[in-house]
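What follows is a short report on a single structure.
The values are calculated or read from the model by the stated rules, or taken from the named source; none is laboratory data. No experiment lies behind these values; they were computed from the predicted model shown. Note: ideal-geometry Cβ built from the backbone for every residue, glycine included; neighbour counts use all protein chains shown. When the accessible area is computed, the model is the full protein with side chains, heavy atoms only, and any ligands, DNA or RNA have been set aside. Shrake-Rupley method; radii C 1.70, N 1.55, O 1.52, S 1.80 Å.
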Amino acid sequence: LAKQNGKNHHEMYTSTMNINTSKTFSLQNDLRKALVKDQFELYYQPKVDAQTNQIVGAEALIRWHHPNRGLVPPDDFIHLAEELGLIVPIGEWVLRSVCRQLKLWQEEGYQSLKVSLNFSVRQLLQTDIVETISTVLQENRIEGKWLEIEITESMLIEQEAETLKTIEAIRQLGVHIALDDFGTGYSSLGYLRKYKFSTIKLDKLFVKDVHINEESAAITQFITNLSKQLNMNVVAEGVEYEEQLTILRQLKCDELQGYLFSKPKPVNEFEKMLNKHIL
Ligand code: C2E
Ligand code: MG
Ligand code: MG
Ligand code: MG
């Protein structure tokens with residue numbers, strides 16, 4: 001009997017595995033077709049000036065409209081896109097869409113809006129990435145200074161010399177570079193010495209309890225002080241409560257981003273906020 005149970009158990013296990021594998025497989029196939037089927041959309045989340053509450057910029061965040069699964073968040077497919085080598089064309093689509101949108105907003109009179117987008121390491125390692133960015137900027141007739149590329153620390157470890165050169169060349173185009181999710185990775189101060197970031201994005205992790213945890217507040221203060229000295233802006237991510245807002249202002253964060261102000265929104269809804277200008 002025991003043997004039989006064991007066998008049944010094994011069969012059950014195998015069939016579950018098959019289901020999972022075929023699920024992943026179909027997701028892969030769907031992802032391969034998503035670009036041509038025009039299933040991606042960029043949502044925009046406002047960044048507000050910590051002192052005035054005015055919208056000063058936005059972060060573009062990708063969404064995938066899957067025909068059966070509905071709206072798929074990036075954490076569920078970016079990793080797969082990286083594995084499949086699809087992140088390069090997807091990333092280029094993001095870059096083009098952001099620049100086209102920026103131009104439209106500028107034409108509508110929002111002339112000092114900065115927009116940031118997220119990069120994957122694979123994109124940064126593309127040999128023609130600087131040329132691509134430069135071309136897209138020219139095609140849309142926008143200055144590099146309105147664009148910011150968010151990268152994470154983990155991206156700086158691989159092929160350091162190449163990455164450093166690429167980031168410098170992107171900076172030469174006037175494009176800003178932000179260090180995303182600061183505090184969650186290696187957070188090596190050495191990176192701050194070596195790379196010239198315009199912005200540090202303080203991770204949600206610290207923001208979460210900055211109003212009740214002295215350590216989080218102290219670390220935030222350290223980062224904002226250091227950033228002043230190094231001429232960088234500090235953006236706090238994941239601001240959800242008034243209490244966090246109050247302390248982040250006191251600690252001299254420059255900009256704030258989070259559900260307290262707005263979730264990431266489709267273009268038309270983001271524009272409604274822009275029209276009001278003050279949230
Ligand atoms: P990220 O760049 O750190 O983006 C911030 C994430 O935090 C976003 O999740 C945003 O919706 C979420 N968030 C914003 N405010 C709050 C808040 O107050 N509370 C909480 N709990 N969360 C908040 P999202 O849009 O799901 O994106 C997740 C990650 O996917 C991003 O993290 C980024 O690493 C990646 N990603 C998004 N779009 C792209 C893209 O176009 N290309 C690449 N390579 N990665 C992307
Ligand atoms: Mg980001
Ligand atoms: Mg982040
Ligand atoms: Mg992240």
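Considering segment 245-270, and only residues there that are in contact with an Asp or Glu (Cβ under 9 Å, 6 or more places away or on another chain) and either without any contact (Cβ under 8 Å) to a residue 60 or more places away in the chain or loosely packed, with under 14 Cβ neighbours inside 10 Å (or both), the residue that is farthest from V235 (Cα to Cα) turns out to be P266. A count restricted to segment 168-197 and to residues that are more than 16 Å from ligand 1 (Cβ to nearest atom) and farther than 15 Å from S227 by Cβ stands at 10. Remark: pairs (first residue in segment 148-160, more than 16 Å from Q126 (Cβ to Cβ); second residue within 16 Å of ligand 2 (Cβ to nearest atom) and open to solvent by 40 Å² or more (accessible area, probe 1.4 Å); Cβ separation under 7 Å; 6+ apart in sequence or on different chains) = E148/K114; E148/H176; E150/N118; T152/D181; T152/G185; E153/G185; S154/G185. With respect to E148, determine if the residue is of a type outside the set (A, V, I, L, M, F, W, C), within 15 Å of ligand 1 (Cβ to nearest atom) and within 27 Å of C99 (Cα to Cα). So E148 passes the test.
Exactly one residue among F222, F261, F197 is assigned to a helix (DSSP H, G or I) and of a type in the set (A, V, I, L, M, F, W, C), and that residue is F222.
When V239, V235 are checked against the criterion of being within 16 Å of ligand 4 (Cβ to nearest atom), at pLDDT 95 or above and assigned to a loop (DSSP other than H, G, I, E, B), a single residue qualifies: V239. Every condition in (1) away from ligand 4 (no atom under 16 Å from the Cβ); (2) within 30 Å of E243 (Cα to Cα) is met by G144 except one, and the failing one is (2).
Step by step: first the residues of segment 61-95, then only those that are open to solvent by 70 Å² or more (accessible area, probe 1.4 Å) and charged (D, E, K, R), then the one that is nearest to the chain's Cα centre (by Cα). Which residue is that? Within segment 61-95, the match that is nearest to the chain's Cα centre (by Cα) is D75.
Considering every residue within segment 198-207, establish whether at least one is hydrophobic (A, V, I, L, M, F, W, C), within 13 Å of ligand 1 (Cβ to nearest atom) and open to solvent by 50 Å² or more (accessible area, probe 1.4 Å). Scanning segment 198-207 turns up at least one residue that is hydrophobic (A, V, I, L, M, F, W, C), within 13 Å of ligand 1 (Cβ to nearest atom) and open to solvent by 50 Å² or more (accessible area, probe 1.4 Å). Only a single criterion out of (1) away from ligand 4 (no atom under 16 Å from the Cβ); (2) touching a residue at least 24 places away in the same chain (Cβ under 8 Å); (3) in contact with a Phe, Trp or Tyr (Cβ under 9 Å, 6 or more places away or on another chain) is not satisfied by L71, namely (2).
Table: residues versus (1) under 17 Å from the mean Cα position of the chain (by Cα); (2) open to solvent by less than 40 Å² (accessible area, probe 1.4 Å).
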residue	(1), (2)
C99	yes, yes
L102	yes, yes
S112	no, no
R122	yes, no
E131	no, no
I142	no, yes
E148	yes, yes
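How about segment 200-218: which of its residues are in a helix (DSSP H, G or I) and either within 16 Å of ligand 3 (Cβ to nearest atom) or without any contact (Cβ under 8 Å) to a residue 12 or more places away in the chain (or both)?
Filtering segment 200-218 for residues in a helix (DSSP H, G or I) gives 204-208, 214-218.
Of everything in segment 200-218, those that are in a helix (DSSP H, G or I) and either within 16 Å of ligand 3 (Cβ to nearest atom) or without any contact (Cβ under 8 Å) to a residue 12 or more places away in the chain (or both) turn out to be K204, L205, F206, V207, K208, E214, E215, S216, A218.
Go over the candidates V72, V94 one by one and state the one that is closer than 18 Å to K201 by Cβ and either of a type in the set (D, E, K, R) or in contact with a strand residue (DSSP E or B) (Cβ under 9 Å, 6 or more places away or on another chain) (or both). Don't jump to the end; show me each part of the working.
On the way: V72 fails: closer than 18 Å to K201 by Cβ.
From the options V72, V94, the qualifying one is V94.
Just one of the listed residues (L173, L164, L113) is farther than 28 Å from G238 by Cα and touching a helix residue (DSSP H, G or I) at 6+ places or on another chain (Cβ under 6 Å), and it is L173. In segment 176-191, the residue that is farthest from ligand 2 (Cβ to nearest atom) out of those that are more than 18 Å from E255 (Cβ to Cβ) and either in a strand (DSSP E or B) or open to solvent by less than 40 Å² (accessible area, probe 1.4 Å) (or both) is G190.
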